[in-house]
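The values are calculated or read from the model by the stated rules, or taken from the named source; none is laboratory data. Since the model is a prediction, treat every value here as computed from it, not as a measurement. All Cβ positions, even for glycine, are placed from backbone atoms using ideal geometry, and neighbour counts span all protein chains on display.
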Amino acid sequence: MNSVPQAPGSFSGGFAWAMARDLRLAWRHPDEAVLTVAFFVLVASLFPLGIGAEPQLLQRIGPGVIWVGALLAAFLALPGLFAADYADGSLEQMTLSPHPALGWAGGKIAAHWIVSGLPLTLLSPLIGLQYGLTPDTLLVQALSLAIGTPVLSLLGGACAALALGARGGGMLLALLALPLFVPVLIFGAGAAEAQATGLSPAPHLSLLAAALIAALVGLPWAVGAAVRIAVD
Amino acid sequence: MTGKHRSGTPDVLQVRDLACRRGPALLFSGLGFEVAGGELLCVRGPNGCGKTTLLRCVTGLTRPDEGTILWHGEPSHVDPERMRAGMAYAGHLPSLKDDLTAEENLEFSLRLRGAATTPGERREALAAVGLDKRRRIPSRRLSAGQRRRIGLARLALDPAELWILDEPLTALDDAGQALFTELLDRHLAAGGLALAATHHRLAPASGVVRELRLA
Amino acid sequence: MYWSSWSDFRAMGGHAFFVWMSYGALLLAVVVEMLLLRARRKRALAAIEEERDLETEN
Amino acid sequence: MNWFYFSSPSTFYGLAGRLAPWCFVSAAVLAAWGLYLGLLVAPTDAQQGEVYRVIFIHVPTAWMSMFLYFIMACYCGLTLVFNTRLSAMMARAIAPTGAMFTFVALWTGSFWGRPTWGTYWVWDARLTSELVLLFLYFGYIALANAFEDPRRGDRAAALLALIGVVNLPIIYFSVQWWNTLHQGSSVNFKGTSMHVTMLTGMLVMSFAAWMYAIGAALVRVRSIILERERRTQWVRELKAA
């Protein structure tokens, strides 16, 4: 046991640790990622059954429905972010790690996005075809999801950490996270819809990107603080 | 300001008038103690008297109502990262992932601790705690005692000066308890220190053992 | 006073339903909140009372 | 005078007890004056007719719903930074009143909308943002009460309120943006230019609502203090006295 104090941790150390571990865990039991994607496809195909498959109508509601479906799927993946670590004590070890909270919190959320947000984004053009959307709309939709879903993971991650150990479980998390998702939904769905109706999606996408940058700056700190409150 | 006493080595951990509540009830107040290099402080007391809460206050997981914690003479909030690097906490929860093998669990736990270890060292540590043959199966299939031994291997390789242990001997058989005592000996002999909440009689060969009794 | 008679006032130029449903809602909300506040205080005091009796017993 | 003196629950309990009645009295007086101005004195509105008088409670309650959320977030900031118990109790004491004002703002908004735009719920930017604000209030209250240990609920809900207050302007902006895209011309609540009595009526009602909110929060915080400190000595003596 060397008595020289170990160099304190680093942001990259924590980030790499969280990414490596969480992605390996996700690889070991991929059911969560599969369920998230399955839910998204399911929700997207319920709407035509409910509203009717008339092409003009589907094209009109396509972008909005796909975005709401992706948002709900990303939301359902949130408990998987911290719940297991909170239950088995890993979250305590993370809080006590020399690595700064920004590091491992950011890493966990990035890994969570790769398992939930990314597959939803990659799959959205496929679902868009179901709604008869034109290729350029599909592209803008995927772009808006690519920018928007990380914000959902960041916002949702903070709310998931806050709701750890709380009575009410999933429903409470919905009440915390979904109101905060409103701006992301508006800018995201708005971008795809603008493209579909011939307007330029640029303002929506730039606002969404601004939201992403703000989220990347502020939310990892909030997630770290929420976890510290949770393990208290 | 580091206090000099007993064995003459400076105090690494100092706690002054610590107070903590659990809901409306006051667990303890005005609690103070020091731990120097090579010392083991055993915290004893009936169930529910706040042993675990005291340990968690020292680690910083739980925020005490009052009191200051000094690490190498410096308040803990001055350089929290350095204190966290110098302190290993083994609580009730094993913090193991069921889907990872013993080797992977050990690797990730130590990386989280900021400890650079080679696969060889890790394999040796697992062999030392008798898990060599089982190091590649998912931890889900290990017994509680075997999972605690992964914790022992983690302590063996952790560079932290201060061990904070909550009931370290639970679920360990006689061989496991002997292994733990031997690890503790080596840690104290090398100048490390430990704070343990336990009902068992801990008697390491080297190092000074003191007791702190909670009402 | 703007109104020529109390009945005109109550009629609110034909929008009586909407105006009085709005003002009524606010009045109801305030009254309900005051009642809830009083009930909560009573519950808190009762809990203290109960706890004190428990204490003096043992 | 050290301003921490009133931050201990026992001393604040007494102070709140003395202040609350005055708040309610001034609220009642201001409300009476405001209603007199709004309902009896203010002239009718050329376009909307008499239903516009709902503005005298709709706008004040909407203002108060946002203002109280901001005040609540300030108390939550104090709770997280200084770890003081009383600021957390104050935040909890404000939330229900804020939620009540938000609900009344929504209710009056929709009853005003019916004769004016033909439907009870019009997806107007301000009404929609109020709805989201109502969910933020419910989220705070639900999270604060979702834990065994009230101190844990205080801190978790405090952080949520901080995240919420940072997001509130973004939500309002995004809904405004969304509304101008879909609705075309934004529907203006104010109608014609404000007659002087209308404006004063609204301002007086806002102060009345503010006084009421302070009074309600002070009364509720006293109950919270009793619930939290029921085992302490001073509460014992208090009850016995």
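Annotations for the structure displayed:
- Residue that is farthest from A:Ala230 (Cα to Cα), among those in segment A:143-185 that are within 13 Å of the chain's Cα centre (by Cα) and β-branched (Val, Ile, Thr): A:Ile147
- Any hit, segment B:194-206, residues being touching a Phe, Trp or Tyr at 6+ places or on another chain (Cβ under 8 Å), within 11 Å of another protein chain (Cβ to nearest Cβ) and either aromatic (Phe, Trp, Tyr) or closer than 19 Å to B:Arg113 by Cβ (or both): no
- Residue in segment D:167-180 that is outside any helix (DSSP H, G or I) and surrounded by fewer than 20 Cβ atoms within 10 Å (Cβ to Cβ) present: no
Table: residues versus (1) closer than 20 Å to D:Tyr137 by Cα; (2) crowded, with 19+ Cβ neighbours inside 10 Å; (3) within 10 Å of another protein chain (Cβ to nearest Cβ).
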position: A:Leu164; (1), (2), (3): yes, yes, yes
position: A:Leu173; (1), (2), (3): yes, yes, yes
position: A:Pro179; (1), (2), (3): yes, yes, yes
position: A:Val182; (1), (2), (3): yes, yes, yes
position: A:Ala209; (1), (2), (3): no, no, no
position: A:Pro220; (1), (2), (3): no, yes, no
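- Selection status of B:Ala25, among the aliphatic types (A, V, I, L, M) and either without any contact (Cβ under 8 Å) to a residue 12 or more places away in the chain or surrounded by fewer than 22 Cβ atoms within 10 Å (Cβ to Cβ) (or both): yes
- Odd one out for A:Gly69 among (1) surrounded by fewer than 22 Cβ atoms within 10 Å (Cβ to Cβ); (2) of a type outside the set (Asp, Glu); (3) more than 26 Å from B:Ser95 (Cβ to Cβ): (1)
- Only residues that are assigned to a helix (DSSP H, G or I), in contact (Cβ under 8 Å) with a residue 24 or more places away in the chain and over 24 Å from A:Val34 (Cβ atoms) were counted in segment A:121-138, giving 2.
- Taking segment B:101-142 as the range and being in a loop (DSSP other than H, G, I, E, B) and in contact (Cβ under 8 Å) with a residue 12 or more places away in the chain as the test, the residues that pass are B:Arg113, B:Gly114, B:Ala115, B:Thr117, B:Val129, B:Gly130, B:Leu131, B:Arg134, B:Arg135, B:Arg136, B:Ile137, B:Leu142.
- Selected residue [surrounded by 24 or more Cβ atoms within 10 Å (Cβ to Cβ), out of contact with any Lys or Arg (no Cβ under 9 Å at 6 or more places or on another chain) and either modelled with pLDDT under 95 or within 13 Å of another protein chain (Cβ to nearest Cβ) (or both)] from A:Gly80, A:Gly128, A:Gly89, A:Gly107: A:Gly128
- Of the residues making up segment D:40-50, those that are within 8 Å of another protein chain (Cβ to nearest Cβ) and in contact with a Gly (Cβ under 7 Å, 6 or more places away or on another chain) are D:Ala42, D:Thr44, D:Gly49, D:Glu50.
One line per residue, one yes/no per condition, for (1) closer than 30 Å to D:Thr180 by Cα; (2) at pLDDT 95 or above; (3) touching a Phe, Trp or Tyr at 6+ places or on another chain (Cβ under 6 Å):
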| position | (1), (2), (3) |
| --- | --- |
| D:Arg53 | yes, no, no |
| D:Ile57 | yes, no, no |
| D:Ile71 | yes, yes, no |
| D:Met90 | no, yes, yes |
| D:Val104 | yes, yes, no |
| D:Gly109 | yes, no, no |
| D:Thr116 | yes, no, no |
| D:Thr128 | yes, no, no |
| D:Leu133 | yes, yes, no |
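- Residues (β-branched (Val, Ile, Thr) and within 14 Å of chain A (Cβ to nearest Cβ)) located in segment D:113-138: D:Thr128, D:Val132
Residue-wise test of (1) in a helix (DSSP H, G or I); (2) farther than 22 Å from D:Ala144 by Cβ; (3) more than 10 Å from chain C (Cβ to nearest Cβ).
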{"residue": "D:Trp33", "(1), (2), (3)": "yes, yes, yes"}
{"residue": "D:Gly38", "(1), (2), (3)": "yes, yes, no"}
{"residue": "D:Phe56", "(1), (2), (3)": "yes, yes, no"}
{"residue": "D:Gly77", "(1), (2), (3)": "yes, no, yes"}
{"residue": "D:Thr102", "(1), (2), (3)": "yes, no, yes"}
{"residue": "D:Phe111", "(1), (2), (3)": "yes, yes, no"}
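- Residue match in segment A:74-86 (condition: in contact with a Leu (Cβ under 6 Å, 6 or more places away or on another chain) and charged (D, E, K, R)): yes
- Residues satisfying the stated conditions in segment A:131-158, i.e. closer than 15 Å to A:Leu72 by Cβ and either at pLDDT below 95 or not hydrophobic (A, V, I, L, M, F, W, C) (or both): A:Gly148, A:Thr149, A:Ser153, A:Gly156
- Residue match in segment B:76-88 (condition: in contact with a strand residue (DSSP E or B) (Cβ under 9 Å, 6 or more places away or on another chain), within 25 Å of B:Thr198 (Cβ to Cβ) and exposed (fewer than 15 other Cβ atoms within 10 Å of the Cβ)): no
- Screening segment B:80-99 for residues that are in a loop (DSSP other than H, G, I, E, B) and more than 7 Å from every other protein chain (Cβ to nearest Cβ) and picking the one that is nearest to the chain's Cα centre (by Cα) gives B:His92.
- Annotation note: of C:Leu27, C:Leu36, the sole residue that is surrounded by fewer than 17 Cβ atoms within 10 Å (Cβ to Cβ), closer than 18 Å to D:Gly34 by Cα and modelled with pLDDT of 95 or more is C:Leu27.
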